[in-house]
1. Answer with yes or no whether V66 is at pLDDT 85 or above and not basic (K, R).
2. If A93 satisfies all but one of (1) among the small types (G, A, S); (2) modelled with pLDDT of 85 or more; (3) assigned to a loop (DSSP other than H, G, I, E, B), what's the number of the condition it fails?
3. Among the residues of segment 14-69, what is the count of those that are assigned to a loop (DSSP other than H, G, I, E, B), of a type outside the set (V, I, T) and surrounded by 15 or more Cβ atoms within 10 Å (Cβ to Cβ)?
4. Taking the condition open to solvent by less than 90 Å² (accessible area, probe 1.4 Å), over 18 Å from A80 (Cα atoms) and in contact (Cβ under 8 Å) with a residue 24 or more places away in the chain, does L7 pass?
5. Do we find that R106 is among the charged types (D, E, K, R), at pLDDT below 80 and over 17 Å from T5 (Cβ atoms) in this structure?
6. Without any contact (Cβ under 8 Å) to a residue 40 or more places away in the chain and more than 19 Å from E84 (Cβ to Cβ), is that true of P19?
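The values are calculated or read from the model by the stated rules, or taken from the named source; none is laboratory data. Bear in mind that the values here come from a model prediction, so they are computed numbers and not experimental data. With ideal geometry, Cβ positions are generated from the backbone for all residues, glycine too; neighbour counts draw on all protein chains shown. Each accessible area value is taken on the protein alone, full model and side chains, heavy atoms only, with ligands, DNA and RNA left out. Shrake-Rupley method; radii C 1.70, N 1.55, O 1.52, S 1.80 Å.
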Amino acid sequence: MNFATELKIYQITDWHKRPPSDPFAHPKIEASFAGADGKLPHVSEWDDALDHLRTLVATHAHWAGVERADLVSDDFFDGAGAAEWDYQRPTDAGNTSVSGIKRSRRRSTARR
């Protein structure tokens, strides 16, 4: 992928006043892209762009020690119930299983 990317971690101001069952009581992490040389990816590149962004989030969550059970569902994400998917971490020769997060030497996971 030849896109500029960024990783964003945020948490609502009054998170500490919310019950643990409230998705807003937990931090969020997301990745986005700023286009390639000012252009958005072509529709034929969309799957690759999404895989790249998911891998970015999954890798950072893995490095931070986030486990599948730590994932919290909200209106946009199924949390620990999310489907698993495989990704290649930049520092690992093996694949990793994320999103549903599955952990093994060959496969990893991510959440939140």
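1. Values: at pLDDT 85 or above: yes; not basic (K, R): yes.
Against the criterion (at pLDDT 85 or above and not basic (K, R)), V66 qualifies.
2. (2)
3. Filtering segment 14-69 for residues assigned to a loop (DSSP other than H, G, I, E, B) gives 14, 18-22, 26-27, 34-35, 37-38, 40-42, 64-67.
Of the ones still in play, those that are also of a type outside the set (V, I, T) are 14, 18-22, 26-27, 34-35, 37-38, 40-42, 64-65, 67.
From the residues that got through so far, the ones that are surrounded by 15 or more Cβ atoms within 10 Å (Cβ to Cβ) too are 26, 41, 67.
Residues that pass the stated criteria total 3.
4. yes
5. Working: among the charged types (D, E, K, R): yes; at pLDDT below 80: yes; over 17 Å from T5 (Cβ atoms): yes.
Here the answer is yes, as R106 does meet what is asked.
6. It is true that P19 is without any contact (Cβ under 8 Å) to a residue 40 or more places away in the chain and more than 19 Å from E84 (Cβ to Cβ).
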